[in-house]
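All remarks here apply to the structure that follows.
The values are calculated or read from the model by the stated rules, or taken from the named source; none is laboratory data. This is a predicted model, so every value here is computed, not measured. No Cβ is skipped: glycine too gets one built from the backbone with ideal geometry, and neighbour counts run over all protein chains shown. Surface accessibility is based on the protein's heavy atoms, side chains included, excluding ligands, DNA and RNA. Shrake-Rupley method; radii C 1.70, N 1.55, O 1.52, S 1.80 Å.
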Amino acid sequence: MLAYSLKILVFWDSLLKGDTVFLYRMPEKIIIWSFETWYHTVISMFLFFNLLYWGSALGGQLLLKFFHRKSVISTIDNDNIRPGQVKREISKSMMSIAVFSLQGIIFQQGIQHGWLHISYSFNWICLIEIPVLFLWNEIHFYLCHALMHRKWFMRHVHTEHHRSKEPTVFSTYSFHWFEAFLLGTVIIPPLLFYPFHVLSVLSLPVMSILINMLGHSNYEFHGGRNPGHLLKFSYRHSMHHKTAKGNFGFMLPWFDQLFNTTYKTKEK
């Protein structure tokens, strides 16, 4: 306990003095602290995912309304929001964040025992790693989402997410606990085979929550009539919630096109 208190005093002393070397290495030190013990990881993950959830939902809502007033984006015709829906979405999202936080124990143990590998040595390979993880996230999400629409999973698991027939920015993590666990495994396979830099690893949930928030926002960012356009991902996902059919992709339309799971609809 004394040693731990001394660490905290040294941390604050260096921070207040503006030690440039300390400040440069502070993100690395915070991340290393986060994976020292399983409970450090659970606390860190809980705070991190709450920051992502509330920051994207509240900040995104303000920005989207601003851009809508400026006629930069338009709303999607989907008027099925129900009384108490947002409250339920927040409650389920908090449960999903708890699942992600507990999953962090697997992540922490994997790093400590050498099953999973991350790098702290920054180099420009991150510029390649981040797009690779983005593409992997799209593949993983498509496969998980297609599985969730099999009869048993749709009835017993994925139906929770589809209770939001009109999604909102608060429905991004509104899942059954099993679906949250399944989606939370996205980072495990890549780290089994390659030591991605920690910034690349952190970029994955950031990219994911931003695309997720936009996809559930009921605003669209391309006024064209072709639902297959890359920037029509919000429209495609909104139609998926409305019909519970097809459009299993996240942002990219390519996997739906490849496996013929695009929901055929004509925009009004």
* Between the stretch 160-192 and the stretch 31-79, the Cα center-to-center distance that results, in Å -> 14 Å
* **Computed log₁₀ I(q)/I(0) - Debye formula, equal Cα scatterers, no solvent, the chain, q 0.16 Å⁻¹** => -1.29
* Asked: Whole number please: convex hull volume per residue of the Cα set in the stretch 25-140, in Å³?
  -> 179 Å³
* Structure fact -> For the stretch 121-268, the Debye formula with one identical point scatterer on each Cα and no solvent gives log10 I(q)/I(0) at q = 0.20 Å⁻¹ as -1.30
* log₁₀ of I(q)/I(0) at q = 0.15, 0.16 Å⁻¹ - the stretch 155-196, Debye sum with one point per alpha carbon -> -0.48, -0.53
* Write down Rg/Rh for the stretch 105-180, rounded to two decimals, with Rg from the C-alpha atoms and Rh from the Kirkwood relation over Cα pairs. => 1.10
* Trp254 paired with His68, simple spin-label distance in nm, labels 7 Å along Cα-to-beta-carbon -> 3.2 nm
* Structure fact -> Residue span Leu230 to Phe178: 0.36 nm per residue of separation minus Cα-Cα distance leaves a gain in nm of 15.8 nm
* Against the longest principal axis of the chain, how steep is helix 2-17, in degrees 0 to 90 to the nearest 10, with axes from Cα atoms? -> 80 degrees
* Once the whole set of protein chains is in place, how much accessible area is left on Tyr120, using a 1.4 Å probe, in Å² to the nearest 10? -> 70 Å²
* Structure fact -> The whole-number value in µm²/s of the Stokes-Einstein translational diffusion coefficient for the stretch 195-257, with Rh from the Kirkwood sum over alpha carbon pairs at 4 °C and 1.567 mPa s, is 103 µm²/s
* Structure fact -> So the angle from the long Cα axis of helix 233-243 to the longest Cα principal axis of the chain, reported in degrees to the nearest 10, equals 60 degrees
* Structure fact -> Rounded to the nearest 10, the angle in degrees between the Cα long axis of helix 85-112 and the longest principal axis of the Cα atoms of the chain comes to 40 degrees
* Residues of the chain: accessible area per residue with a 1.4 Å probe, Å² -> 56 Å²
* Asked: For the stretch 21-133, what % of the accessible area comes from carbon and sulfur atoms, probe 1.4 Å?
  -> 70 percent
* Accessible area of the stretch 171-268 belonging to carbon and sulfur atoms, whole % at 1.4 Å probe -> 70 percent
